Amino acid sequence: MKSSKGIYFGTRLRSIGFAIEGLKQMILTEPNARIHLAITTLVVIAGIITELSMARWLAIVFAISIVWITEAVNTALEKLCDHTCGNEFNAAIKKVKDIAAGAVLIAALCSVITGIIVFTS
């Protein structure tokens, strides 16, 4: 008989696997996610080269995280909307998709501003 801890651990591992698969699919299918990945890589390399302080790393990690989180939510909403409406135009769905894309834009702009402050001051 399996313990409840073993069952719980296995469930968590499967959940992590699903999350990793989702991130993989986002990177493989979304051009903006690949752009975020390239910029994330460049920023991390720049942070290592410039030997950022712990506080500056925290700002960079937070900024990068916000962009990735908003991109993931935006992608999920777009996929759901596309599945729901197919190729049919729907004004309400367009608004939802535009607002979600706007959230990514806000996150990206804030991250650029954070990067400028971190790397130039």
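Projecting label points 7 angstrom from Cα along Cα→Cβ for K79 and T11 puts them 2.3 nm apart.
Here the label points at S65 and I39, each 7 Å from Cα along the C-beta direction, are separated by 1.9 nm in the simple model. Element breakdown for the chain at a 1.4 angstrom probe: carbon and sulfur atoms account for 74% of the accessible area. The slack in the chain from I113 to A55, taken as 0.36 nm per residue of separation less the alpha-carbon distance, amounts to 19.3 nm.
Restriction of the GluC sites (Glu not before Pro) in region 42-121 to DSSP coil positions whose beta-carbon has at most 16 other beta-carbons within 10 angstrom yields E51, E88. Computed over protein heavy atoms with a 1.4 angstrom probe, the accessible surface ordering of S121, S53, S111, largest first, is S121, S53, S111. Restricting the calculation to alpha carbons of region 21-121 gives Rg and Dmax of 15.8, 51 angstrom.
The residues of region 66-121 have, on average, 67 Å² of accessible surface per residue, using a 1.4 Å probe with all protein chains present.
The values are calculated or read from the model by the stated rules, or taken from the named source; none is laboratory data. Please read all numbers here as calculations on a predicted model, not as lab measurements. Cβ sites come from the backbone with ideal geometry, for glycine too, and all protein chains shown count toward neighbours. Note: areas computed on protein heavy atoms with side chains; ligands, DNA, RNA excluded. Shrake-Rupley method; radii C 1.70, N 1.55, O 1.52, S 1.80 Å.
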